[in-house]
Amino acid sequence: MATITRKALLGYLELTRLPLTAAERALGKTEGTWPLTIAADRLQASIKDVAGRVLRDETLRADANLQHAALDERLRAVQAEAEAERIRIEADRKLAEERRAAAEAKAEVAARDAQRDRKVAEEVGAKKAAARKVTAAQEQALDKREAAAKRASLDKEAKAVREQRAAVEAKAEALELEDELARTRAKRKSG
């Protein structure tokens, strides 16, 4: 009797979720990560847990616990992915800002150089040579600054990529849990 009740409940829950699954696919949402899907799956797991308690069906309760664990893992994966994307965007913004600052600094150096060159042209040839040396040193320092800014930005992007990779791995684990849940359901349905 408990098996029939369990199968009927599981069948009903799957049937009620079909429109949401269809909407999720139609809207191109990543399967299982859309907030509406997560909320519906969380409700479905809670219904299974309550029904398992009422019916004293440990299999149904275990199924609910597995589904809750899979949902928690999916949420962690989605959050990690969002954080990695936020870090990447922030790194891109900082790189653009640093490039702009470097371009402004370079423009300032160029403007100062032009002014200095005019003065140097009026002075002795020895002073011209000294001014050129100063200009070269400034440009070299600016190039070093740009290179350091690029390195720092690339380090941040690499970190964001590592975090995004970790998020993808967490998502894969969540999907494996869901597969295990589906296999468990299939075993129960066939057995």
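Worth pointing out:
- From Ala70, Ala121, Ala131, residue being at pLDDT below 90 and either outside any helix (DSSP H, G or I) or closer than 30 Å to Glu14 by Cβ (or both): Ala70
- One residue from Val134, Val120 being surrounded by 11 or more Cβ atoms within 10 Å (Cβ to Cβ), free of Cβ contacts under 8 Å to residues at least 60 places away in the same chain and either touching a Lys or Arg at 6+ places or on another chain (Cβ under 7 Å) or within 30 Å of Glu83 (Cα to Cα) (or both): Val120
- If you filter the stretch 173-191 down to residues that are without any contact (Cβ under 8 Å) to a residue 24 or more places away in the chain and small (Gly, Ala, Ser), you find that the one that is surrounded by the most Cβ atoms within 10 Å (Cβ to Cβ) is Ala182.
- Residue, modelled with the lowest pLDDT, within the stretch 30-67, restricted to residues that are among the charged types (D, E, K, R), surrounded by fewer than 16 Cβ atoms within 10 Å (Cβ to Cβ) and not in a helix (DSSP H, G or I): Glu31
The values are calculated or read from the model by the stated rules, or taken from the named source; none is laboratory data. Note that the coordinates shown come from a computational prediction; the quantities given were computed from them, not determined experimentally. Cβ: placed from backbone, ideal geometry, glycine included. Neighbour counts: every protein chain shown.
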